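Step one of this worksheet: look at the structure below.
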Amino acid sequence: MNLRLQITALFYLVSITVVLYTKPSLFYDNDKNIKHFGTGKDKTILPIYLAIILLAVLSFYLGHAIMILI
């Protein structure tokens, strides 16, 4: 496995672990249940599944950027 893939996987796993462990109010309600997509009470415009996909894309580009700097 090359270094870029290892950096990408490490950043992705750490960031997902932090999000799932801390349960931020952006993704979870007061009872620690996942908020549904939408606008209104106990809903969010950035659901957890979308955040996970965005973190995967961010991890890919971060791994690429680090490889350019090394």
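What is the mean projected area of the alpha carbon convex hull for the range 1-40, to one decimal in square nanometres?
3.8
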With Cα atoms, 0 to 90° folded angle of helix 3-22 axis to the chain main axis: 20
Ratio of Rg to Rh over the chain (Cα coordinates, Kirkwood Rh, two decimals): 1.11
Accessible surface of the chain [probe 1.4 Å, protein heavy atoms]: carbon and sulfur percent: 70
Inter-site label distance for A65 and L50 at 7 Å from Cα along Cβ, in nm: 2.2
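The values are calculated or read from the model by the stated rules, or taken from the named source; none is laboratory data. These numbers come from a predicted model, not from an experiment. Every residue, glycine as well, gets a Cβ built from its backbone with ideal geometry; the counts of neighbours run over all protein chains shown. Accessible surface areas use protein heavy atoms only, side chains included; no ligands, DNA or RNA. Shrake-Rupley method; radii C 1.70, N 1.55, O 1.52, S 1.80 Å.
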